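To start, the structure under review is shown below, and the notes come after it.
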Amino acid sequence: MKIAGLTLILTLSGVLSASMVDEAKKAGFKPIPTDEKELLKLIDNRENPLNSAKIELGKRLYFEPRLSKSNLISCNTCHNLATGGIDGVESAVGDGWTTNPHHLNSPTVYNAVFMDRQFWDGRADNLEAQAQGPLQAKPEMAISKEMAVERISSMDGYRDEFKMAFGDDNITFKRIADAIGAFERTLVTPSRFDKFLAGDEQMLNNEEKRGLKVFISKGCSSCHNGVGVGGSMQKFPLLKPYKYASVGDFKGDKSGMVKTPTLRNILRTAPYFHNGAVWDIREAVEIMGETQLGVKLSREEVDSIVKFFEALDGELPDVIYPKLPAVTIKTPKPDID
């Protein structure tokens, strides 16, 4: 009887877990594909097809500080791959130690490929278009298109890499951004939650499953869903005022829409919100409940949701810091004024 009873308990546990997987799928969650061909279909860009040479070139350019006016700032400065793809400060800091004039926080680059739009106001269609912005922005890397091309063209080796990546050695500003975007498309972080969605219900413990159930039942998954667990454009704030709205002057796009950030690796990417005003993940969850759902979450519900977030902590890819080519006498000098 004891064995039969134990078998019944285990069976019921399996049924409950399986139903939670089904519930998660019905809520709109989708796993990162494990099959390389299926993943490629998801992350590739028809207008900028991925290939190994382009990805490797993009990695070099992502870490290339000479793509900034000062020679000091690279994409990795604000989107540090060692620290969750962020800079860990409230407002991005760029050229001349300038903070973002709108007090905007740097979102993670990890899993950005799964976002519907790029930038907090969604003004860029894809990662390639997004990459062009920070390079030219005065409070960020502050380099002109012409200077970027002149710097990269002056260093031996880059021309051959562009030929391998694009089919000829013509170095353009668009191609620089396209290569960076290609590399960023590979920065995905599969987690235990993906294995859970694929049917392995043991990947989440009971506390995490309870948190997932609360997350879904309270309505959080209405915006944080899909492969990216976020990424769509949503009205913010929706039902109640955002308590830190006075930090910076960002109001979203012309319709008040703001990009929903990914919740993948969320416990690695404090501070939170577009203006980086919140450092405590529990406070962030409480605020989202009030502003977007119009509910006051209990302490137990908040703790449960945060517990679920642990299952979204993904496996960061191994990225070997690249060796960059030496400057030549032709390379334009840095400008730190």
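Karplus-derived 3J(HN,Hα) values for region 75-87, using 6.51 cos²θ - 1.76 cosθ + 1.60 with θ = phi - 60°, are 4, 5, 4, 8, 10, 5, 5, 7, 10, x, x, 10, 9 Hz; glycine and proline are entered as x.
Given a Förster distance of 56 angstrom, what is the FRET efficiency for Arg299 paired with Asn45, based on the Cβ-Cβ distance and rounded to 0.05?
Details: r = 44 Å, r/R0 = 0.78.
Result of the calculation: an efficiency of 0.80.
Applying the Karplus relation 6.51 cos²θ - 1.76 cosθ + 1.60 with θ = phi - 60° to region 108-117 yields 3J(HN,Hα) values of 5, 7, 5, 6, 5, 4, 8, 7, 5, 9 Hz, where x marks Gly and Pro. Pairs spanning more than 24 Å between alpha-carbon atoms, out of Lys30/Lys243; Lys59/Lys254; Lys54/Lys174: Lys30/Lys243; Lys59/Lys254.
Only helices enter this figure: runs of n ≥ 4 DSSP H residues, each worth -39500 (n - 2.57), summed and divided by the residues of the chain, yield -11000 deg cm²/dmol at 222 nm to the nearest 500. The peptide list 96-106, 208-218, 313-323, 289-299, put in order of mean Cβ contacts within 10 Å with the highest first, becomes 208-218, 96-106, 289-299, 313-323. Amide H to amide H, with H built 1.01 Å from N, Thr99 comes under 5 Å of Gly94, counting only residues 5 or more places away or on other chains.
What is the extension gain from Asn170 to Tyr244, computed as 0.36 nm multiplied by their sequence separation minus the C-alpha to C-alpha distance, in nm to one decimal? Separation in residues times 0.36 nm, less the Cα-Cα distance, equals 21.9 nm. A cut-off of 5 Å between modelled amide H atoms, ignoring neighbours fewer than 5 places along the same chain, links Gly314 with Asn265. Other residues whose C-beta falls under 12 angstrom from the C-beta of Gly199 contribute a net charge of -2, scoring Lys and Arg +1 and Asp and Glu -1.
Give me the orientation-averaged projected area of the Cα convex hull of region 38-184, in nm², one decimal. Don't jump to the answer; show the numbers that get you there.
Values: hull surface 33.8 nm².
The Cα convex hull of region 38-184, projected and averaged over all directions, gives 8.4 nm².
Shape summary of the chain, radius of gyration then Dmax from alpha carbon positions: 21.9, 85 Å.
Readers should treat all values here as calculations from the given coordinates under stated rules, not as data from a laboratory. Bear in mind that the values here come from a model prediction, so they are computed numbers and not experimental data. Ideal geometry is used to build each Cβ from the backbone, glycine not excepted, and the neighbour counts take in all protein chains shown.
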